[in-house]
């Protein structure tokens, strides 16, 4: 949506990224850190495949699987709650 100025030229509204610049810098820094961690993990996994296979053989799967399912269920509940709130159905 544009606004006409007194001279008759079209003036576009100022566009900006929502949120604080410091928060965006923090998010980008976190992405960079995690990216470096995944890169280092991948490099070491390629260089030491036997070591990683040995470590994986000692991992238990029951507790991590249960934790993952609980996280997914909690996320699904939050999505449902936000959707109901957007529909103005607080009692649902």
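What to note about this one:
- Residue within the range 26-34 that is within 18 Å of the chain's Cα centre (by Cα) and at pLDDT below 90 present: no
- Here 55, 8 are screened, and the one residue that is on the phi > 0 side of the Ramachandran plot, over 17 Å from the mean Cα position of the chain (by Cα) and at pLDDT below 95 is 8.
The values are calculated or read from the model by the stated rules, or taken from the named source; none is laboratory data. Please read all numbers here as calculations on a predicted model, not as lab measurements.
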